[in-house]
Amino acid sequence: MLKNFTLILLIVLFILTSQLIAQAIPVEGKKMLISAPSPYAVEAGKKIIKKGGNVVDVATVVGLTLAVTNPYFAAFGGGGFAMVKVGNNPVDVLDFRETAPLKTHPQYYLDKKPEASQNGGTAVAVPGVAAGIYELHKKYGKLSWKELFSEPIQLAEDGFNVSGEWTARTEISVSRFNPKGAQHFLKNQKAYQAGELLKQKPLSSFLKMYKRQGPKAFYTGPVANDIVKTVKDTGGDLSLQDLNDYKVRWLKPLTHNFKGYVVYLMPPPSSGGVVLKTALSLIDQLKLENLESMSVDELHLMGEILNRSFRGRALLGDPDFHENPLEKLLSKNYIGDMAKSINLTKAKQLKPLSDKNLNESNETTHYSILDDQGNSVSITVTLNGNYGSAVVSEKFGIALNNEMDDFTTHPGEANMYGLVQGKGNYVQARKRPLSSMSPTLVEKDGKVILSLGAPGGPTIISGVLQVIYNSLVRNMDIDRAIQSPRVHHQFLPNVLYIDEWRLQPATKKGLLTKGHVLEEKAFIGRVNAVRLKNNGALEAAFDSRGEGAVGGY
Ligand code: DON
């Protein structure tokens, strides 16, 4: 009897894992494709495509599903950005990033423990996911809101088999969780093991309320009370008023003409667009395409380009609170000076830009959906760190972000991504912290042909840049464009990060000879992307640097 049971269990596990492995192959399609970090989300999305949903309906169900299956980076306690193109509407940007609670201010962290912006209630900013998903669907969705909930509710209520990544990410958070919140993700004080069934009944009851009432179900009533109480019990200052007052905002993308394409980029409060626009200009000016692909020279210049492009990041902040010097940073003069400062033989470090005269006024994920008509949604969401602050709301099991660490909490000191940030990003009540998240769309002849983005803190920008470059300049198919080795430089520290294991010893030696300080990194962004090819077929791939799935029709 026991033997039979073990055999059945083994067969079930084999089928499950072989399905996951099968999903790792990039796919082609004719109608609409999804690239996302979980096969459950892709399967849920496929059902909505079959029902006649548009890209936004699909993005909605993908987002709701990820909040159930991938809470460490996609829970309702996080925030994000969406870039969307539907029909004849211009490309639109939705900012549902978290905001600083009313009680916080520029000196808030100075008298607290060093990790106060990373762990516990003091790290939690007002979440934006529940408002963001709803607003995006309200403006651009086609199917009714209520039609999109059956899959996510079922996965929360009846359970889903946790993945290897789920277990690994949960295991490393066990000691950080607040004990009352931890019960939602642990069994006998331990993380569920890969393949085990996790049911989240309290989360499913939130989803049912959210289905009926929209974001009110999150920002008022029992869920809001649960969040406020949990944050208070873990030392934070988030109030009911903070939640009641949360608002998303629509922004206009930055644009950049690049080799016959129009690239739509994230404006502040993301630094992604400014850095990417600078980098794409420098790629053009330095004529990178004349070098051999993946050669020492090309990787060296890519590193120097990123270094110069990140230099201006420290001057940026939330545009509602800070005057961003975009004219200066994106001027021909400044970018021309940056191009002149780069030299093919030797790496060079410039002085930081001063922000003295400016007016004061990680964990993440990405999913992209693109159809054959060039309609697309590109969404990056985050809790910042793995399970964010590791504070999980006691009753409903909602993991809460530690996005406060993205602010300049201690001037002159690096944050958890090694970023040294400026005055424009000081903590202020209701302000959004500066981000690197870069959901991006690329258009050709008026049609979106590439939809991409990534997690990875500042390495997001480098990942997105190199996939755009590989795809548009080096004409790689989307899978190769994603899997190819890449580099990252963020100006400070003066280190050229290289993909762990992916570069030849001779290439590393060549980069060292040019004067780079090298450090290997487990991942430089984990890109999810869908591309519409010249022949009208769609292709989707996800990054082998992490879990993911692709699918569609
Ligand atoms: O907004 C940002 O730039 C960061 N909070 C993103 C963090 C992140 O990508 C972590 N992912 N691995």
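The values are calculated or read from the model by the stated rules, or taken from the named source; none is laboratory data. These numbers come from a predicted model, not from an experiment. Quick reminder, even Gly has a Cβ in these numbers, built from the backbone with ideal geometry, and neighbours come from all protein chains shown. The area values use the complete protein model at the heavy-atom level, side chains included, leaving out ligands, DNA and RNA. Shrake-Rupley method; radii C 1.70, N 1.55, O 1.52, S 1.80 Å.
Summary of computed values
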item	result
Volume of the Cα convex hull of the range 320-405, divided per residue and given in Å³	260
Per-residue ³J(HN,Hα) for the range 462-476, Karplus 6.51 cos²θ - 1.76 cosθ + 1.60, θ = phi - 60°, Hz, x for Gly and Pro	5, x, 4, 4, 6, 6, 4, 4, 4, 6, 7, 9, 8, 6, 6
Nearest-0.05 FRET efficiency for Thr220 and Ala429, computed from C-beta distance (R0 22 Å)	0.65
Spatial separation of Cα centroids for the range 522-548 and the range 81-107, in angstrom	24
Cα coordinate range in the chain, projected on the principal axes (Å, largest first)	68, 55, 49
Computed P(r) (all Cα pairs; the range 184-283; 5 Å bins; percent)	2, 10, 12, 11, 11, 11, 12, 12, 11, 7, 1, 0
Percent accessible area from carbon and sulfur atoms, the chain, protein chains only, probe 1.4 Å	54
Å² per residue, accessible surface of the range 153-284 at 1.4 Å	42
Which listed pairs, of Lys50/Lys247; Lys187/Lys211; Lys211/Lys252; Lys259/Lys340, have C-alpha distances above 23 Å, in listed order	Lys50/Lys247; Lys187/Lys211; Lys211/Lys252
Candidate lysines - alpha carbon under 16 Å from Lys112, same-chain residues fewer than 8 apart omitted	Lys103, Lys232
Distribution of pairwise C-alpha distances over the range 390-531, 5 Å bins, in %	2, 9, 15, 16, 16, 15, 13, 9, 4, 1, 0, 0
Whether the range 111-226 is rounded, prolate or oblate, judged on the alpha carbon gyration tensor where a/c under 1.5 counts as rounded	oblate
Estimated [θ] at 222 nm from DSSP helical runs (n ≥ 4, -39500 (n - 2.57)) normalised by residues in the chain, nearest 500	-10500 deg cm²/dmol
Spatial separation of Cα centroids for the range 324-350 and the range 128-181, in angstrom	42
Tensor-based shape of the range 253-357 (alpha-carbon gyration tensor, a/c under 1.5 rounded, otherwise prolate or oblate)	oblate
P(r) tail fraction, the range 348-455 - alpha-carbon pairs more than 17 Å apart, %	67
Estimated FRET transfer efficiency (Asn244, Ser544; beta-carbon r; R0 51 Å; 0.05)	0.75
Distance in nm between pseudo-label sites at Lys346 and Lys447 (7 Å out along the Cβ direction from Cα)	5.0
Heavy atoms of Tyr334 accessible to a 1.4 Å probe, total area in Å² rounded to 10	20
Highest average packing first - 339-349, 315-325, 144-154, Cβ atoms within 10 Å	315-325, 144-154, 339-349
